[in-house]
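> Here you go, one structure.
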Amino acid sequence: MKKLIIFLSFLSLFLTAITFLNLRLDQLEEKLVTVKQENIKLNHQLNFFKSEWEYVSSPENIEQLSKIFLELETISLTNREGFIKILNYTKEK
C-alpha cells in the first residue's frame, strides 16, 4: 500500500511538473510569435527607409536641393577656363 501511495505521489508531482512546463512552453511560443511579427514590421520599415534614403541621396535630388538652398553654379573642370572660374569664385568669397 505504501508503494502505491509513493507511486501516485510521484506520478502527481510528475504530471504537475509537465503541466507547468507546458504552460511555460505556451508562453514562450506566444512570445516567439510576437517577436517574429515585430521582426517582420521592422524589416518593412527598414526597406521603406532604405528606399527613402535612396531617393533623398540620389544625385538628381541632391543637385536640385543644392540649386534651391546653396545657390551653387555648375562649373566645368575639363578645361582651363573652368579652373580659372573656380579660382575667381573662391577669391570673391
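The values are calculated or read from the model by the stated rules, or taken from the named source; none is laboratory data. All of these numbers come straight from a predicted model, not from anything done at the bench. In this analysis, Cβ positions are derived from the backbone assuming ideal geometry, glycine residues included, and neighbour counts consider all displayed protein chains.
> For the list (1) modelled with pLDDT of 95 or more; (2) not in a helix (DSSP H, G or I), I need the number of the one condition that ASN22 fails.
(2)
> Going by the structure shown, is GLU54 at pLDDT 95 or above, more than 30 Å from TYR89 (Cβ to Cβ) and among the acidic types (Asp, Glu)? Please lay out each step first, then the result.
Working: at pLDDT 95 or above: no; more than 30 Å from TYR89 (Cβ to Cβ): yes; among the acidic types (Asp, Glu): yes.
So GLU54 does not fit the description; no.
> Considering only residues that are out of contact with any helix residue (DSSP H, G or I) (no Cβ under 9 Å at 6 or more places or on another chain), of a type outside the set (S, T, N, Q) and at pLDDT below 75, which ones fall in the range 57-79?
Answer for the range 57-79, where residues must be out of contact with any helix residue (DSSP H, G or I) (no Cβ under 9 Å at 6 or more places or on another chain), of a type outside the set (S, T, N, Q) and at pLDDT below 75: just GLU71.
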